[in-house]
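For reference, the structure is listed below as structure tokens.
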Amino acid sequence: MDFLTNLNEGWQFGIQLFVVLVCLFYGARKGGIALGVLGGIGLLVLAFGFNVAPGKPAVSVMLTILAVVVASATLQASGGLDVMLQIAERVLRKNPKFLTILAPFVTCFLTILCGTGHVVYTMMPIIYDIAIKNNIRPERPMAAASISSQMGIIASPVSVAVVSLTALLLEADHKLAGFDGYINLLQITIPSTLFGVLCIGIFSWFRGKDLDKDEVFQEKIKDPEFKKYVYGDSKTLLGVKLPFKDWFAMWIFLGAIVVVAVLGAFPELRPQFEVKGAMKPMGMVDVIQVFMLLAGSALLIFTNVDAGKIGKNEIFRSGMIALVAVFGISWMADTMFAVHTPMMKEALGDIVKAQPWTYAIMLLLISKFVNSQAAAIAAFVPLALGIGVEPGIIVAFAAACYGYYILPTYPSDLATIQFDRSGTTHIGRFVINHSFILPGLIGVFSSCVAGYALAKIAGYI
């Protein structure tokens, strides 16, 4: 392999980048854990072909994913998630005329509470049923709700993306003045995310034709069988009397989130430890891991959960896929970019400093490659900090870590298409012209604009 190591740095970087991109594209196409395990190919080429020392996988990120997923999956197995969904459904069915505005907020809040956007699957049949029974074009609330559920990740106090971004900013060589971590980030991401969700709802209210004016839809429902399929049985949790243990499970989980938020807001409440001769409070990464595991154990003890069911539900499976993805991608990316950071800083540093929005574009595209906000942050933010991107810009454009709506390949978007039996939520002839592209672009763009304004007000920029 002397031929490869004797190439100049530019050629080496080009070949390595090509290998990494091939792994990412092929992994995203195969789906599942493929995106993570294919990082092994990239690591093999880098270490054995180019003699690059392996970097460090994002261990703290992976452990946080594990803790949050275990707590959320235990919540689902205990029935606590059903209580949240029943409350959400009650809100939507009481206000059907405002479904297109309310549905995105409901799915966003569910994600903020649970730390994962995969809770949206259970809501989609309910949103569809309310829409079709009230002559609302299902594409309007359903596409908006799917996008908003993923946008909520960067605003969730228990999401891996938020914890990862906080840890990276606090560990950066160039500290952000006035930024103490966790709560400071949420003060930017929560209002900016909600502003983006509002913009999505307003846009979606007017998109597409009303069902009674949609010639294609009206032609289809002339078929009695298709009409029966479209307006079929209602999906509802209303009227279902959930046992006390389900409610208790929900309050245990929400209580853990409240405690985490309070400890984030008041560092003096955390235990103090000596670090390099100075007393420092327990880090928020550790706090979240501890209290998510505590929530899971409390649910097991007090709600009589069948532990065997926890590892079989959707939240646990999707979480483990995310864990593998972050492992392979973060390790491969750190290995490659660490050795080329000086060259990239020289080539890109001035451009990004002069045009800060280019950072958001790059983060958005990387998110599409890796199909994960946490993985995009773990892969790109260390590089961005290394080439001189201001930490304030990274905080302002945090919402740009969500870009996997660009192509309709993400599970929640594909599931939404299947749940819309009317066919209004769809993938267009040219693939890129699908139901999620405009809500996604509008939501992320408006969130970034709001985030930039809030970061300015906070003095981070």
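A simple packing score, the average count of other Cβ atoms within 10 Å per residue, orders the peptides 174-180, 431-437 as 431-437, 174-180, with the highest score first.
Return one whole number: the accessible area per residue of the chain in Å², for a 1.4 Å probe.
I get 44 Å² per residue for the chain.
Split the accessible area of the chain by element, probe 1.4 Å, and carbon with sulfur accounts for 67%.
In µm²/s, what is D for the stretch 139-193 at 20 °C and 1.002 mPa s, where D = kT/(6 pi eta Rh) by Stokes-Einstein and Rh is the Kirkwood radius from Cα pairs?
Numbers: Rh = 12.3 Å.
Diffusion coefficient, whole number: 174 µm²/s.
Each residue of the stretch 245-349 gets 187 Å³ once the volume of the Cα convex hull is shared out per residue. Between LYS228 and LEU4, the simple label model (points 7 Å from Cα in the Cβ direction) yields a spacing of 6.1 nm. In plain terms, if you count all Cα to Cα distances in the stretch 288-374 and split them into 10 Å steps from zero, the share in each step is 13, 29, 26, 17, 11, 4 percent.
Compactness of the stretch 1-130, taken as the C-alpha radius of gyration over 2.2 N^0.38 Å, stands at 1.60.
Checking the Cα-Cα distances for LYS227/LYS312; LYS30/LYS368; LYS175/LYS456; LYS94/LYS241; LYS30/LYS309; LYS56/LYS276 against a 24 Å cut-off, the pairs over it are LYS227/LYS312; LYS30/LYS309. Quick one: Debye curve from the C-alpha atoms of the chain, no solvent, what's log10 I(q)/I(0) at q = 0.08, 0.11 Å⁻¹? Debye output, listed in q order: -0.48, -0.90. When the Cα atoms of the stretch 402-449 are aligned to their principal axes, the ranges along those axes come out at 35, 20, 17 Å in descending order. Calculation over all alpha carbon pairs of the stretch 58-165 in 5 angstrom steps from 0 returns a P(r) of 2, 14, 23, 22, 17, 11, 7, 4, 1, 0 percent.
What is the Å³ per residue value for the convex hull set by the Cα atoms of the stretch 376-436?
Taking the convex hull of the Cα positions in the stretch 376-436, it is 103 Å³ per residue.
The values are calculated or read from the model by the stated rules, or taken from the named source; none is laboratory data. Just so it is clear, the model here is predicted, and its values are computed rather than measured. Cβ coordinates were reconstructed from backbone atoms using ideal geometry, including for glycine residues, and neighbour counts include every protein chain displayed. In case anyone asks, the SASA skips ligands and DNA or RNA and just uses the protein heavy atoms, side chains included. Shrake-Rupley method; radii C 1.70, N 1.55, O 1.52, S 1.80 Å.
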